[in-house]
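**Student:** First, the structure itself, so that you have it in front of you.
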Amino acid sequence: MTTPLRFGTLGTEGSNHSMIVRKYVAFRNLEDAEIVLYTDFRDAFEALVAGDLDFILQVSVHPSHTEMSARYVHRVHVVDTFIAPSKSLAIISRLDVEQPRSIAFQPATKHYADLSAWPYQIDEVSIMTVAEGLQAGRFDSGITSVELVEQAPDRFRIDQLFGPITDVWVLFGRRPLDIRSLSVWPDAPVCRYFHE
């Protein structure tokens, strides 16, 4: 019996990373794969190097992406990339706060809007921990999934809708691929724009 592949990514359950890794595993027909969620990518990369994981999925806009790629060069290798949309995101505020003063966000989402109206800005691990903080009353506003408003329209409102954000996702593994030239998606959707 073979050991299931283990994929690591950032998260609490329900984060964009956990959603996208599950979609990727399903797309690749890896039904037995295990998903391991981390609150810090450095821990995930250390687990990959140690052999506790087989792969790590990371969105390229994550603030630690450049550091992880450089810190683990020659020990961890890019083995796949793709584009995928996130959950629909928005700035969401609590209805019981008339003038929001604090806003939380996962750092990759910080520049989606001008946040200068919020004097208190808080980094969070994921969009899901932002949602949890809003539910607990720790923040007045947050950049998170619109699911929060859909689940509790009597407690939250959408202040600015971003919708799904399309990003580049990078899969890392321990073994390098034998890539000697471009490895490109031949019939990528963008091709239709080249001859218009």
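The values are calculated or read from the model by the stated rules, or taken from the named source; none is laboratory data. Only a predicted model underlies this, so the values are computations on that prediction, with no experimental measurement involved. All Cβ positions, even for glycine, are placed from backbone atoms using ideal geometry, and neighbour counts span all protein chains on display. When the accessible area is computed, the model is the full protein with side chains, heavy atoms only, and any ligands, DNA or RNA have been set aside. Shrake-Rupley method; radii C 1.70, N 1.55, O 1.52, S 1.80 Å.
**Student:** Looking at the range 99-121, which of its residues are among the charged types (D, E, K, R), at pLDDT 95 or above and within 22 Å of the chain's Cα centre (by Cα)?
**Tutor:** ASP114
**Student:** Here's something else I'd like to know. Can you tell me which residue is surrounded by the fewest Cβ atoms within 10 Å (Cβ to Cβ) among those in the range 82-98 that are more than 17 Å from SER145 (Cα to Cα) and modelled with pLDDT of 95 or more?
**Tutor:** Only one residue tops the list, namely ASP96.
**Student:** Evaluate the following for GLU31: is it in a loop (DSSP other than H, G, I, E, B), under 24 Å from THR144 (Cα atoms), open to solvent by 80 Å² or more (accessible area, probe 1.4 Å) and out of contact with any His (no Cβ under 8 Å at 6 or more places or on another chain)?
**Tutor:** Here the answer is no, as GLU31 does not meet what is asked.
**Student:** Does LEU57 fit the bill of being in contact (Cβ under 8 Å) with a residue 24 or more places away in the chain, among the aliphatic types (A, V, I, L, M) and touching a Lys or Arg at 6+ places or on another chain (Cβ under 7 Å)?
**Tutor:** Against the criterion (in contact (Cβ under 8 Å) with a residue 24 or more places away in the chain, among the aliphatic types (A, V, I, L, M) and touching a Lys or Arg at 6+ places or on another chain (Cβ under 7 Å)), LEU57 does not qualify.
**Student:** Scan the range 13-41 residue by residue and report those that are farther than 21 Å from ASP167 by Cα and among the charged types (D, E, K, R).
**Tutor:** GLU31, ASP32, GLU34 - these are the residues of the range 13-41 that are farther than 21 Å from ASP167 by Cα and among the charged types (D, E, K, R).
**Student:** While we're on this one: Can we say GLU124 is modelled with pLDDT of 90 or more and under 22 Å from GLY11 (Cα atoms)?
**Tutor:** Here the answer is yes, as GLU124 does meet what is asked.
**Student:** Further question: Give the residues of the range 138-172 that are closer than 26 Å to THR9 by Cα, buried (at least 18 other Cβ atoms within 10 Å of the Cβ) and in contact with a Leu (Cβ under 9 Å, 6 or more places away or on another chain), sorted by residue number.
**Tutor:** Across the range 138-172, the qualifying residues are SER141, GLY142, ILE143, THR144, SER145, VAL146, LEU148, TRP169, VAL170, LEU171, PHE172.
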